[in-house]
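S.K.: Take this structure first; my questions come after.
The values are calculated or read from the model by the stated rules, or taken from the named source; none is laboratory data. These numbers were taken from a predicted model, which means no experiment stands behind them. Every residue, glycine among them, receives a Cβ derived from its backbone with ideal geometry; neighbour counts consider all protein chains shown.
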Amino acid sequence: MTDLSAAHDAAVTDRGRLAGSAYNGDRDLAARQSLYQWQTPRYDLPGLVTEQLSAVRGCVVDAGCGNGKFIKRLRQDRPDLNLLGLDIAPGILADVPGPVAVADVARLPLATASVDAALALHMLYHTPDIAQAVAELSRVVTHNGLVIVSTNSDRDKAELDELWVRAAGDVLGTGRGPARISLSARFSLEKAPAFLGEEFGLVEKIKLPGIITVRDPEPVVAHMGSYQAWADQHDVPFEATIERSRAILVDHITRHGAFEITCLGGILICRR
């Protein structure tokens, strides 16, 4: 189990894999983001983050900004803010409104107490040293500054985990196959407060539970396929398992009218 865990952590945090494959463009990230349009209740996560920043003035840095989903919203709703987007993957920054820079959250190219708020949204699980990354976020914000973090629960999308295990088992002929990789496991909603509490005296957790209901298998297939960068970590033929998943979904939707996925994500508001 230790070796499997170490291999998992290495794959999820490997900078070459992240910058060169997983996030060298926004296709895979966008596929994961798009699944939430079928969620009830439907949360406006960029809007929630913008709301949390309502009292903030000055400079906000989005560390691990990805395809700029949050920066674009902030530029629209809060043109008064000075925004900076940072990511380790140059390819995903192509369409993010600037200024942007290639940078690592564990070594932020910012002076101490130089920003009024920092965002680290669905990304801290990708950094090898989470504690160091949290310390860096704490270092760069002002004394009264705000850090907003987001991640998923250990129980998030359990139905997709089960779908993968079943499809992989069918492909391998073993009944049940190996588990699929979990990106957020290292820094889940359950684990995050302990990491954040090392630097921040107040950590408020806002849970965002919901149910995704799809009547077409393709959004789910696209979501599962978006893990292509980690295909070698699944111990099963990746494409064949995706195709078997599609067949299982088609059958399930034909029988039941829909496929439901239980979601649990959340944001954490951190203050000193």
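S.K.: I'd like to know if region 147-162 contains one or more residues that are more than 22 Å from L264 (Cα to Cα) and either of a type in the set (D, E, K, R) or touching a residue at least 12 places away in the same chain (Cβ under 8 Å) (or both).
M.R.: Looking for residues that are more than 22 Å from L264 (Cα to Cα) and either of a type in the set (D, E, K, R) or touching a residue at least 12 places away in the same chain (Cβ under 8 Å) (or both), one finds none in region 147-162, hence no.
S.K.: Kindly list the number of the only condition in (1) of a type in the set (V, I, T); (2) assigned to a helix (DSSP H, G or I); (3) crowded, with 18+ Cβ neighbours inside 10 Å that fails for I212.
M.R.: (2)
S.K.: What helices (runs of 4 or more DSSP H) completely inside region 1-74 contain at least 1 residues that are over 18 Å from the mean Cα position of the chain (by Cα)?
M.R.: Those helices (runs of 4 or more DSSP H) span 2-13, 45-52.
Each row is one residue, and each column tells you yes or no for (1) surrounded by fewer than 16 Cβ atoms within 10 Å (Cβ to Cβ); (2) closer than 23 Å to F259 by Cβ.
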| site | (1), (2) |
| --- | --- |
| L86 | no, no |
| A117 | no, no |
| L121 | no, no |
| P128 | yes, no |
| A133 | no, no |
| R155 | yes, yes |
| F187 | no, no |
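S.K.: Looking at (1) surrounded by 18 or more Cβ atoms within 10 Å (Cβ to Cβ); (2) modelled with pLDDT of 95 or more; (3) not β-branched (V, I, T), find the lone condition where E204 falls short.
M.R.: The number of the failed condition is (1).
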